[in-house]
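What follows is a single structure, written as C-alpha cells, with notes after it.
The values are calculated or read from the model by the stated rules, or taken from the named source; none is laboratory data. Predicted model only: the values in this text are computed from it and were never measured. Reconstructed Cβ throughout: ideal geometry from the backbone, glycine too, with neighbour counts over all protein chains shown.
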Amino acid sequence: MHIKYKNESDQTETPTSVLVDELDLKLASELEVDARQSYGRLAQKLGVIPATVRRRMQRLIDARAITIALTADPVAFGLQMDVLVGIKTATGKASAVADYLSSYPRVMAVMLTTGRYDLMIAAAFRERGEVFEFQDVVLRRAEDLLDAELMMVVGMFKNSWLYIHGDANASSGIQTRCFDKQDLELIKMLELNPRCNIKFLSKKLGMRRQLVGKRLQSLIDSKMINVSSILNPRVIGFGTQVIVLIKVYLGKINTVANALVAHNQVNHIVVTTGPYEIAMWIIVKDLNELTHFLKDDLSGIPGIVSYETMLIATLPKLSLKYLTD
C-alpha cells in the first residue's frame, strides 16, 4: 500500500465525514513533529501495529484532515521578494478572479475574505522585475478586478503550521544561505513524496545513502526545511481563520511584532510596506474567541494605532511547493 499525498490543502474546508478519535490525534501529533518517522517507530510509540498506522494515516489524508508536506523559507529558493495583495473585485466575481490568480505559479495562497478586500493573495518572486510584471501584466489581465493594493513583506516574525504543539518549531527570520543544486534535487523529490525513504532518494539522486541521509538531516537540523503533518484546524474545533492588518506607531513595529509572537492563536506574522505595518493570520475556535483575542489581547499591546480584521471565507489555494506543480 502506498500513501497518496495531497498537493495543496484548503484549511477552511470542513474535512470529509471522518470520525477522529484519540489515536488519530496522537498520530497527527507525532506527524506534526516529524512526518518522516517510519511506520514501525510510530506504531511503537502509539502501541499499535504498523499496518494500523499506515491505514489511519491514509484515511486522514484522504479526508483532508491532515496534509503531509515539506515546508521551507522561500528566501532559500532565491525568492527574495514576498508580496501580499489586497484585491477588490466586481460584485459576485471574487471566485472567478481567485481561480484566475490561483493558476499563476508564483501565487502561493489565495483567500476569499470579508471586509476591506474581497481577496487577499500571497506571492513570492525572485526580483523586482517579476513583481512589476505581476502587477502590470498578470493583475491587469484579470477581468472584474477593480483595484489591487500591493504590500511588500520586509520581515517575517512568525511562520508556524503547528496546531497541536503550538510554537515549538515555528520559524522566523531570514535564512542566511540559499539551497545548492543537490539540495534542490533532494527537495524536489520530497515535495512529491515527503515520506520517501533514504534508499529511494539515493537511487533517484544517484548519491550514496549515507550522503543523502546526512544532507537531509543537515537541512532539517538547520531549520531550512521541515517535513511535517499540517492538521486541518477544523479537526480540533478551530473553524475561524482571520487576517488582521495592523497600523503601528513609528518605532514600535519590532515591539508589537514580538509581543504577537507569544500568542498561540497567531500563526503567521509579517512586517509590510504600505498602509499597514503588520499583517497576521490567526486561527480561533469561533467568533467569541476572536472577540476575546481582539479586545483583551491585541488591544492591550502598546504601540498599536488601529487594526482591521478580515474573515477568511475560503482558501482556494494554499501551496507550499516551490519546485513542483
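Being assigned to a helix (DSSP H, G or I), surrounded by fewer than 16 Cβ atoms within 10 Å (Cβ to Cβ), hydrophobic (A, V, I, L, M, F, W, C) and on the phi < 0 side of the Ramachandran plot, is that true of even one residue in the range 85-105?
For the range 85-105, residues assigned to a helix (DSSP H, G or I), surrounded by fewer than 16 Cβ atoms within 10 Å (Cβ to Cβ), hydrophobic (A, V, I, L, M, F, W, C) and on the phi < 0 side of the Ramachandran plot: present.
Within the range 240-254, is even one residue part of a strand (DSSP E or B), among the aliphatic types (A, V, I, L, M), closer than 30 Å to V20 by Cα and in contact (Cβ under 8 Å) with a residue 60 or more places away in the chain?
Checked against the condition, which is being part of a strand (DSSP E or B), among the aliphatic types (A, V, I, L, M), closer than 30 Å to V20 by Cα and in contact (Cβ under 8 Å) with a residue 60 or more places away in the chain, the range 240-254 yields at least one hit.
Could you please find all residues in the range 279-312 being hydrophobic (A, V, I, L, M, F, W, C), part of a strand (DSSP E or B) and surrounded by fewer than 16 Cβ atoms within 10 Å (Cβ to Cβ)?
V305
Is it true that some residue in the range 253-267 is farther than 20 Å from V154 by Cα and either of a type in the set (G, A, S) or over 24 Å from the mean Cα position of the chain (by Cα) (or both)?
Yes, some residue in the range 253-267 is farther than 20 Å from V154 by Cα and either of a type in the set (G, A, S) or over 24 Å from the mean Cα position of the chain (by Cα) (or both).
I need the full set of residues from the range 107-124 which are out of contact with any Leu (no Cβ under 6 Å at 6 or more places or on another chain) and either surrounded by fewer than 21 Cβ atoms within 10 Å (Cβ to Cβ) or closer than 30 Å to E30 by Cβ (or both), in order please.
Of everything in the range 107-124, those that are out of contact with any Leu (no Cβ under 6 Å at 6 or more places or on another chain) and either surrounded by fewer than 21 Cβ atoms within 10 Å (Cβ to Cβ) or closer than 30 Å to E30 by Cβ (or both) turn out to be M108, G115, R116.
Among the candidates R116, R59, single out the residue that is over 30 Å from V270 (Cα atoms) and either assigned to a loop (DSSP other than H, G, I, E, B) or at pLDDT below 95 (or both).
R59
Could you look through the range 211-232, keep only residues that are part of a helix (DSSP H, G or I) and in contact with a Ser or Thr (Cβ under 9 Å, 6 or more places away or on another chain), and pick out the one that is farthest from I312 (Cα to Cα)?
Looking at residues that are part of a helix (DSSP H, G or I) and in contact with a Ser or Thr (Cβ under 9 Å, 6 or more places away or on another chain), I get L211.
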